[in-house]
Amino acid sequence: MSDEPVIFKSHKPFVLESGAVLPELTIAYHTYGTLNADRSNVVWVCHALTANSDVADWWPHTVEKGAFLDPEKWYVVCANILGSHYGTTGPLHVNPENGKPYYDKFPQFTIRDMVGVHRLLANQLGIAGIHALVGSSVGGFQAVEWAALEPERFGRLVLIATDAKASPWTIAVDETQRMAIKADPTFGEERDDAGLAGLAAARAIGLLTYRGPEGYNLSQQDAADAPDDAPHRACTYQRYQGEKLIRRYNAYSYVAILDAFDTHDVGRGRGGVEKALAAVKCPALVVGITTDIIFTVPEMKRLADLLPNARYREIASPFGHDGFLVEYKQLNEILTPFINGQ
């Protein structure tokens, strides 16, 4: 990360949906810009799977003048998610009850638990109303859950490449990645670097769904003059991306967050998805990506249809799900007017 996060530590027990209790809770977060006098200029960003709370680090050209997260206009907040590797309580944290890291004994948590952490931090910061809530991918899971839980808290809602419920397809992708990690014989050992070979393989599997065939065929073609015995560019790319992740992440957090991903269902306990979304009355913008094979265009349009006051917009990109990270110009053109209230 480019800058260190701010750390908030709660010494009160945090009760998870499962009934398990975290004796204490650490939350890492970043803010950008200045909170105005009436605290009405907050834009809260929920981040995805292996990202961190430093939005400017992982979302290029969004936290800058004229962009939809313009720090001269908005007070942008992003909290690192529960279970992550970047400061918030997770598997590598020490369990104060026994003085040892949790590792694979970290209690099961859900998307709603992640939202509970966001709510705790927002209240601690004295933020009641939030002008806009923004979430993409797994961040969108958090955003739609939070909006359904506290619809009166938000003035606007932005959901990018996400859904109201984890689908069998996305759960199957997660399970395939978990299988790769758990096939590594070191996974389960009580050390920070356990399961890293499996994590590298899982990342390579995940990338296939993030980019899709069009993205790979566009960017990973072998050079016409490449020697016959040269490794395929697509192969070296997969290995590079796996190695890149294991230099910055751990297998226990990855598995724990995938498990939480699969719990996502905004309609659970609320009479179903349609009824839960019907309670979200604020203006909403749902953004799909033309080649996304994780959250497809028809699914995104259905999500927009189920929100009472939503519009659907689309990013044209050959880079699949990762289009929300790559096509920042299109994203700024779509989101800036909406965030600004137009």
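The values are calculated or read from the model by the stated rules, or taken from the named source; none is laboratory data. Predicted model, so just to flag it, every value in this text is computed and none were measured. Neighbour counts are summed over all protein chains in view; Cβ atoms, including those assigned to glycine, are modelled from backbone coordinates with ideal geometry. Side chains included, ligands, DNA and RNA excluded: accessible areas come from the protein's heavy atoms. Shrake-Rupley method; radii C 1.70, N 1.55, O 1.52, S 1.80 Å.
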Discussion item. Considering only C-alpha atoms, what is the centroid distance from segment 186-204 to segment 118-182, in Å?
Written reply: 26 Å
Worksheet item: Given Cα pairs under 8 Å that are at least 6 residues apart, what percent is the relative contact order of the chain?
Response: 18 percent
Item to complete: Mind pulling up the Rg/Rh value for the chain? Radius of gyration and Kirkwood radius, both on Cα.
Response: 0.96
Practice prompt. Per DSSP H run of n ≥ 4, the term is -39500 (n - 2.57); total these for the chain, divide by its residue number, and report the mean residue ellipticity at 222 nm rounded to 500 deg cm²/dmol.
Written response: -11500 deg cm²/dmol
Discussion item. For the pair ASP57/ASP192, report the inter-label distance in nm, with labels modelled 7 Å from Cα in the Cβ direction.
Written reply: 1.5 nm
Worksheet entry | Bridge type composition, segment 1-111 - antiparallel percent by DSSP, nearest 5 | 75 percent
Worksheet item: Number of Lys-Lys pairs in the chain under 16 Å by Cα, sequence gap 8 or more or different chains?
Response: 5
Fill in: About the Cα centre, charge dipole magnitude for the chain (Lys/Arg +1, Asp/Glu -1 at Cβ), debye
920 debye
Discussion item. Based on the alpha-carbon set only, what is the convex hull volume of segment 248-312 divided per residue, in Å³?
Written reply: 125 Å³
Practice prompt. Mind checking the full-extension length gain between LYS281 and GLN342? Use 0.36 nm per residue of separation minus the Cα-Cα distance, one decimal, nm.
Written response: 20.3 nm
Worksheet entry | Anisotropy class of segment 1-160 from Cα gyration tensor, a/c 1.5 cut | prolate
Practice prompt. Once you've got the GNM for the chain with C-alpha springs shorter than 10 Å, pick whichever of ASP184, ASP305, ASP228 has the biggest mean-square fluctuation.
Written response: ASP228
Fill in: Heavy-atom surface of segment 1-156, accessible at 1.4 Å and reported per residue (Å²)
38 Å²
Practice prompt. Anything in the chain that counts as a DSSP H helix reaching 27 Å or more along its axis (C-alpha) with Kyte-Doolittle mean of at least -0.5? List them, would you?
Written response: 196-219
Worksheet entry | Cα gyration tensor category, rounded, prolate or oblate, for segment 182-235 with a/c compared to 1.5 | oblate
Worksheet item: How long is segment 73-115 along each principal axis, judged by its Cα atoms, biggest number first, in Å?
Response: 46, 19, 15
Worksheet item: If you wrap a convex hull around the C-alpha atoms of segment 159-278 and split its volume per residue, what is the figure in Å³?
Response: 139 Å³
Practice prompt. Using the Kirkwood radius over Cα pairs, work out the Stokes-Einstein diffusion coefficient for segment 229-342 at 20 °C and 1.002 mPa s, in µm²/s as a whole number.
Written response: 125 µm²/s
Worksheet item: Looking only at THR34, THR291, THR88, which one moves most when the chain is put into a Gaussian network model with springs between Cα atoms under 10 Å?
Response: THR34
Item to complete: Can you pull the one-decimal nm distance between simple spin-label points at TRP169 and SER10, each 7 Å off the Cα toward Cβ?
Response: 3.6 nm
Worksheet item: Around THR209, with a cut-off of 12 angstrom between Cβ atoms, what is the net charge of the other residues, counting Lys and Arg +1 and Asp and Glu -1?
Response: -1
Worksheet entry | Segment ALA226-GLN241, extension gain: residue separation times 0.36 nm, minus the distance between their alpha carbons | 3.3 nm
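Using a 1.4 angstrom probe on heavy atoms only, work out the carbon and sulfur share of the accessible area of segment 148-212 in %.
Here it works out to 61 percent.
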Worksheet item: Taking square-rooted eigenvalues a ≥ b ≥ c of the alpha carbon gyration tensor, is segment 1-62 rounded, prolate or oblate, where a/c under 1.5 means rounded and, failing that, a/b exceeding b/c means prolate?
Response: prolate
